[in-house]
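The values are calculated or read from the model by the stated rules, or taken from the named source; none is laboratory data. What you see is a predicted model, and the numbers here were worked out from it, not measured in a lab. Counting neighbours? That spans all protein chains shown, and the Cβs are built from the backbone with ideal geometry, glycine included. The accessibility values were calculated without ligands, DNA or RNA, using every heavy atom of the protein model including side chains. Shrake-Rupley method; radii C 1.70, N 1.55, O 1.52, S 1.80 Å.
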Amino acid sequence: MSEKRFSLPFRLIHWIMALILLIMLGFGQRFGMELPDEERIFSLMGHSSLGMIIVLLLLLRLTLRLTGLSKRPQHNLPPLQNILSKLVQAGLYLMMIYLPITGMLTARSHT
């Protein structure tokens with residue numbers, strides 16, 4: 001019998017990352033506001049700290065996927081839909097890699 005869902009550890013990592021990303025949006029939105037230095041530094045530190053946690057969770061997530069410890073669920077999809085779902089998932093992984101890299105480069109350029 002093939003799995004219909006990802007493994008529990010993989011689902012937990014997914015939802016923890018989703019929650020942290022929502023919190024990150026809140027910190028990120030504050031960067032465009034006029035804030036006192038203490039609040040700006042607090043937002044920057046919170047955003048950076050959560051960003052590093054996301055990077056670590058992403059590395060764990062990629063390790064689980066690439067080592068086969070968390071197999072992709074199998075669904076009976078039409079061939080085109082199966083190809084498109086894999087492309088969308090690859091795009092999301094690329095964004096999860098791209099965004100922290102650009103965030104770190106942006107942070108370095110402002111110091």
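Note that segment 13-29 has calculated 3J(HN,Hα) couplings of 4, 4, 6, 5, 4, 4, 4, 5, 4, 5, 5, 4, 4, x, 5, x, 5 Hz, one per residue in order, obtained from phi through the Karplus relation 6.51 cos²θ - 1.76 cosθ + 1.60 (θ = phi - 60°); glycine and proline are x. With the simple model of a label 7 Å out from the Cα in the direction of the Cβ, residue 94 to residue 69 spans 2.7 nm. For residue 41, the shell of other residues with beta-carbons less than 15 Å away shows a net charge of -2, using +1 for Lys and Arg and -1 for Asp and Glu.
Surface calculation, 1.4 Å probe, protein heavy atoms: residue 102 sits at approximately 40 Å² accessible. With a 1.4 Å probe rolled over the protein heavy atoms of all chains, the accessible area of 38, 3 falls in the order 38, 3, largest first.
Compute the FRET efficiency between residue 56 and residue 109 as 1/(1 + (r/R0)^6), taking r as their Cβ-Cβ distance and R0 = 35 Å, and round to the nearest 0.05. Using R0 = 35 Å, I get an efficiency of 0.90. The HN-Hα couplings worked out from phi for segment 94-99 by the Karplus form 6.51 cos²θ - 1.76 cosθ + 1.60 (θ = phi - 60°) are 4, 5, 5, 8, 5, 4 Hz, whole numbers, x standing for Gly and Pro.
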